[in-house]
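In what follows, a structure is listed as structure tokens, so that the remarks can point back to it.
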Amino acid sequence: MSRILIIDDDLALCRSLELQLKLHNHEADCACDVTEGLALASSIAPDLMLLDINLPGQDGLSALPDFIQQNPQMPVVIMTGEPGNQLVVEAMHNGAVDYLRKPFELNSLLDVLNTFAGQKGSGHHALEPAEEPAAGDTAVEMIGAHPLMTAIHKTIGLLSRSRVTVLIHGESGTGKELAARILHQASTPGQPFVGVNCSAVVPTLLESEFFGHEKGAFTGADRVKIGKLEYAGEGTVFLDEIGDMPQDLQGKLLRVLQEEEFVRVGGLKPIPLKARIVAATHCDLEQLTRTGRFRQDLFYRLAVSTIELPSLRKRREDIPMIAEFLLRRINRKLHHPLTAISQEALDYLSTGDWPGNVRELENVLTRAVALAKTSILSREDLGHSPRAACEMESAAQSLSLVDAQKHHIQRILTMNRWNITHSARILQISPTTLRKKIADFQLKPAN
């Protein structure tokens, strides 16, 4: 049962809504104006408020911020008979969770109640308040408690003792630059971190970006320019998407790594290389060397030590932790009063394949927070992945109902490393039922 506060000067409507809500096991209180509504909202702490726009004295739309400030956890639904859509935009901008245009069906109101008032007391994970970063705070962190992540941090710690060249490999969105920054912070925190995206710089300008140039080296070079390698000093040069580097520049980079010095374009004086080189790619560089697209000798120079970043689907146990961390950051960025995420939403996130990895997860959560109507992020707020829907539809067309059920159960079990309790919760069945289905379908963990 939910307690609803109705603020409307139409006494007949208030009485009608009060009786209809009572038939559906809800309790309703009514107020005729903003002043009475604020007093009632303060005394009864309703689960949801229905607020009319056209009220005597102060209108509902201008009073909306006062109601939200008084009780930030209370969802407010605006209702009005006005036909204009500008009011809808203004109401949602000012904090309303929904908008009902009079006359509305009772089912529309009940749907709103099921969505918002029903969240009170439901299982969810509270988010810690997002703290503003301290001035000058440059700390970086890679979230995850999976053994693979622990091993990566151990490797980074060992590599931070020396200036050895490092090659980071991983799918897009796994955090290759983040790993490079963690290594930089652990080894030379007071020095520059210089990033170069090898796929985003015009090939003809890449050499100048790397090495710098002397005045008059080419048309338009009207002054001396310091390159990335020189500017980095004793810090770190991060070469992102190294697999896309032009072949002529690959040879010049190889020489820099061999000789540990370089020359500005148009210059003669060698400049010592003091920075650590960290390269990253999502490509299989060994395969590129076999096809002649990447120099084998450069590959061996770069891969003195390697870090392999796992995809998100290989460490699903970390997804709830990562999601909560990202939500705190998104809250701070968007100034959104999100306080929690539902367990159902976390379960949904944990079952995704996330081909874009953490970057894709962050984009989905950012969109969800921006469009969220309550302070608790729900499964409905996350929407649906068109790609995932197409893949599921394509697979379903070729499977019988029994085979589809078997395939889905096997997939959920594999995703959760055969954790029966967690898998049963995601499947919304009891652990006993899940064990019976495992026996019926003769399912077994993959070796």
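Bear in mind that the values in this text are calculations on the coordinates, not laboratory data. For clarity, every value in this text was computed on a predicted model and none was experimentally measured. Because the Cβ atoms are built from the backbone with ideal geometry, glycine has one as well, and the counts that use them run over all protein chains shown.
For this structure, a couple of remarks:
- Length added when fully stretched, THR433-THR289, from 0.36 nm per residue minus Cα-Cα: 46.7 nm
- Protection proxy ranking of 162-173, 16-27, by the mean of other Cβ atoms within 10 Å over each peptide's residues and highest first, is 162-173, 16-27.
- Here the Karplus relation 6.51 cos²θ - 1.76 cosθ + 1.60, evaluated at θ = phi - 60°, turns the backbone of region 284-292 into coupling constants of 8, 5, 4, 5, 5, 5, 5, 8, x Hz, with x for every Gly and Pro.
- In the chain, the calculated helix contribution to ellipticity at 222 nm averages -13500 deg cm²/dmol per residue, counting -39,500 (n - 2.57) for every DSSP H run with n ≥ 4.
- Cα-based reach from LYS252 at 14 Å (exclusive), listing aspartates and glutamates while leaving out same-chain residues under 8 positions away: GLU207, GLU209, GLU260, GLU261, ASP297
- Under 5 Å between amide hydrogens, built in the peptide plane, is the criterion, and for SER305 it picks out LEU167 among residues at least 5 positions away or on other chains.
- Translational D in µm²/s for region 216-285 (Stokes-Einstein at 37 °C, 0.692 mPa s, Kirkwood Rh from C-alpha pairs): 245
- Positive-end residue of PRO103, HIS422, SER311, charge dipole of the chain with Cβ unit charges: SER311
- Residue of LEU100, LEU382, LEU11 that the Gaussian network model of the chain assigns the largest fluctuation, springs spanning Cα pairs under 10 Å: LEU11
- Ranking of HIS213, HIS422 by neighbouring Cβ atoms within 10 Å, starting from the fewest: HIS422, HIS213.
- Quarter of the Cα convex hull surface for the chain, i.e. its orientation-mean projected area (nm²): 30.5
- Length gained on full extension, VAL402 to ILE226: 56.8 nm, using 0.36 nm per residue less the C-alpha separation.
- Dimensionless Rg ratio for region 24-77, taking C-alpha atoms and the 2.2 N^0.38 Å reference: 1.06
- Gain upon complete extension [GLN20, ARG411; 0.36 nm per residue less C-alpha separation]: 136.3 nm
- Within region 147-309, the percentage of alpha carbon pairs spaced more than 27 angstrom apart rounds to 22%.
- Highest-MSF residue in the chain out of LEU401, LEU427, LEU113 [GNM, Cα springs under 10 Å]: LEU401
- Cα-based equivalent ellipsoid of region 230-361: semi-axis lengths in Å, sorted from largest, via gyration tensor: 40, 20, 11
- Largest to smallest principal axis extent of the C-alpha atoms in region 3-120, angstrom: 33, 30, 27
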